[in-house]
Amino acid sequence: MDSFDLLERTIENCLRINCRSYKPDYIRRRVQSRMRVLQVSDYEAYRHVLLSSPPETNELRDALTINVTRFFRDREVFEVIGREIIPEILSRKSRIRIWCAGCASGEEAYSLAILLWEYLKDHPECSGIVYATDIDRHVLQKAIEGTYDRQAFQEVHPCRVHDHFIPLGDGRYRISPRVKELIRFRYHDLMSGRPISTHLDLIACRNVTIYFTAEEKKRLTAMFHRALSNNGYYVMGKTEYLDRELQDLFEYCNPQEKVLKKLQAEGNR
């Protein structure tokens, strides 16, 4: 076992992640970035730093779980969700269950909750919940707090900022309680093979799998299929795609915005 293999095993033990789920070059690049910051010259030396410094464990976790997001990022996707998907689901049932997988610091989950609230206020007979999960406990805590700088609202109409956020007077805003009560934040490892729940109506997992291996992407997509109810929706990132081997699980209902709909097994159609 060479020094990098040994480091990967240490990373798995310290961070409780499976390095084999990620593309090998991705792990190596992130580790080397941390090594440059610390001015550490070799993998064995960095392994000792990782074992002796809990703060570095957090720094490496942040480096591996990139959390670049903002409210209503890729606005067109959310327009489709708010205008088409949520109304379609709640036209055939009274309660909607949404999973925002890999929610990072919460902007996307709250965006979904805002869309849900805006629908529910005009349809009091309906209800819903958004499960928001991530493997990074540090960013989950930020999501739970629900406080954001103005730069997070680059793609949010001023009316929405006014309606759903409370200004704190220091350039930051806090999500309104009525939106926050629609969300349940949870720690969850997507590589566990277990969904956060079942009989879900919509799963949004956007720009999370781009660093995963092809096999892990397939396993994750199959898990989402199992977790969705019949006619449930899966929204992926703009640069992500459905593997050909899994095209019997989903069909594109909006290819441009990467919105897919669950296909039932042949025997259940």
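The values are calculated or read from the model by the stated rules, or taken from the named source; none is laboratory data. It should be emphasised that the depicted structure is a prediction, and the values quoted were computed from it without experimental measurement. For neighbour counting, all protein chains shown are included, and Cβ atoms are generated from backbone atoms with ideal geometry for every residue, glycine included.
Return yes or no: is R20 charged (D, E, K, R), within 30 Å of K218 (Cα to Cα), touching a residue at least 60 places away in the same chain (Cβ under 8 Å) and surrounded by fewer than 13 Cβ atoms within 10 Å (Cβ to Cβ)? Reasoning before the result, please.
Details: charged (D, E, K, R): yes; within 30 Å of K218 (Cα to Cα): yes; touching a residue at least 60 places away in the same chain (Cβ under 8 Å): yes; surrounded by fewer than 13 Cβ atoms within 10 Å (Cβ to Cβ): no.
Answer is no for this residue.
Just for the stretch 177-203: of the residues that are among the hydroxyl-bearing types (S, T, Y) and closer than 21 Å to I81 by Cα, which one is farthest from the chain's Cα centre (by Cα)?
So the residue we want is T198.
Every residue, every condition in (1) out of contact with any helix residue (DSSP H, G or I) (no Cβ under 9 Å at 6 or more places or on another chain); (2) farther than 25 Å from G128 by Cα; (3) among the polar types (S, T, N, Q), yes or no:
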residue	(1), (2), (3)
Q151	yes, yes, yes
Q154	yes, yes, yes
L168	yes, yes, no
R186	no, no, no
L190	no, no, no
T198	no, no, yes
N207	yes, no, yes
L242	no, yes, no
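Return yes or no: is S52 more than 30 Å from K218 (Cβ to Cβ), polar (S, T, N, Q), exposed (fewer than 13 other Cβ atoms within 10 Å of the Cβ) and touching a helix residue (DSSP H, G or I) at 6+ places or on another chain (Cβ under 8 Å)?
Values: more than 30 Å from K218 (Cβ to Cβ): yes; polar (S, T, N, Q): yes; exposed (fewer than 13 other Cβ atoms within 10 Å of the Cβ): yes; touching a helix residue (DSSP H, G or I) at 6+ places or on another chain (Cβ under 8 Å): no.
Against the criterion (more than 30 Å from K218 (Cβ to Cβ), polar (S, T, N, Q), exposed (fewer than 13 other Cβ atoms within 10 Å of the Cβ) and touching a helix residue (DSSP H, G or I) at 6+ places or on another chain (Cβ under 8 Å)), S52 does not qualify.
Given the criteria outside the structural domain of R28 (by TED's automatic domain parsing) and within 23 Å of I96 (Cβ to Cβ), does E216 qualify?
no
If you go through the stretch 72-92 one residue at a time, do you hit one that is under 18 Å from Q141 (Cβ atoms), touching an Asp or Glu at 6+ places or on another chain (Cβ under 8 Å) and either without any contact (Cβ under 8 Å) to a residue 40 or more places away in the chain or surrounded by fewer than 20 Cβ atoms within 10 Å (Cβ to Cβ) (or both)?
Of the stretch 72-92, the ones under 18 Å from Q141 (Cβ atoms) are none.
Checking the stretch 72-92: not a single residue is under 18 Å from Q141 (Cβ atoms), touching an Asp or Glu at 6+ places or on another chain (Cβ under 8 Å) and either without any contact (Cβ under 8 Å) to a residue 40 or more places away in the chain or surrounded by fewer than 20 Cβ atoms within 10 Å (Cβ to Cβ) (or both).
Among the strands (runs of 3 or more DSSP E) lying completely within the stretch 161-210, list those that include at least 2 residues that are within 30 Å of P24 (Cβ to Cβ).
183-187, 200-205
Among the residues of the stretch 169-199, write down those that are in contact with a Ser or Thr (Cβ under 9 Å, 6 or more places away or on another chain), modelled with pLDDT under 95 and farther than 16 Å from A104 by Cβ.
R172, M191
Does any residue of the stretch 118-132 turn out to be touching a residue at least 40 places away in the same chain (Cβ under 8 Å), out of contact with any Ser or Thr (no Cβ under 8 Å at 6 or more places or on another chain), buried (at least 17 other Cβ atoms within 10 Å of the Cβ) and more than 24 Å from A227 (Cα to Cα)?
Within the stretch 118-132 (the criterion being touching a residue at least 40 places away in the same chain (Cβ under 8 Å), out of contact with any Ser or Thr (no Cβ under 8 Å at 6 or more places or on another chain), buried (at least 17 other Cβ atoms within 10 Å of the Cβ) and more than 24 Å from A227 (Cα to Cα)), the answer is no, since none of the residues qualifies.
Taking the stretch 35-49 as the region of interest, how many residues are assigned to a helix (DSSP H, G or I) and either out of contact with any helix residue (DSSP H, G or I) (no Cβ under 6 Å at 6 or more places or on another chain) or surrounded by 19 or more Cβ atoms within 10 Å (Cβ to Cβ) (or both)?
First, pick out the residues of the stretch 35-49 that are assigned to a helix (DSSP H, G or I): 35-38, 43-49.
Now narrow it down to the ones that are either out of contact with any helix residue (DSSP H, G or I) (no Cβ under 6 Å at 6 or more places or on another chain) or surrounded by 19 or more Cβ atoms within 10 Å (Cβ to Cβ) (or both): 36-38, 43, 45-48.
The total comes to 8.
So is F165 of a type in the set (F, W, Y), in contact (Cβ under 8 Å) with a residue 24 or more places away in the chain and crowded, with 17+ Cβ neighbours inside 10 Å or not?
On the way: of a type in the set (F, W, Y): yes; in contact (Cβ under 8 Å) with a residue 24 or more places away in the chain: no; crowded, with 17+ Cβ neighbours inside 10 Å: yes.
Against the criterion (of a type in the set (F, W, Y), in contact (Cβ under 8 Å) with a residue 24 or more places away in the chain and crowded, with 17+ Cβ neighbours inside 10 Å), F165 does not qualify.
What tally of residues in the stretch 13-31 results from selecting those that are under 21 Å from the mean Cα position of the chain (by Cα) and not basic (K, R)? Break it down stepwise before answering.
Initial filter on the stretch 13-31 (under 21 Å from the mean Cα position of the chain (by Cα)): 15-23, 26-27, 30.
Cutting the leftovers down to not basic (K, R) gives us 15, 17-19, 21-22, 26-27.
Count: 8.
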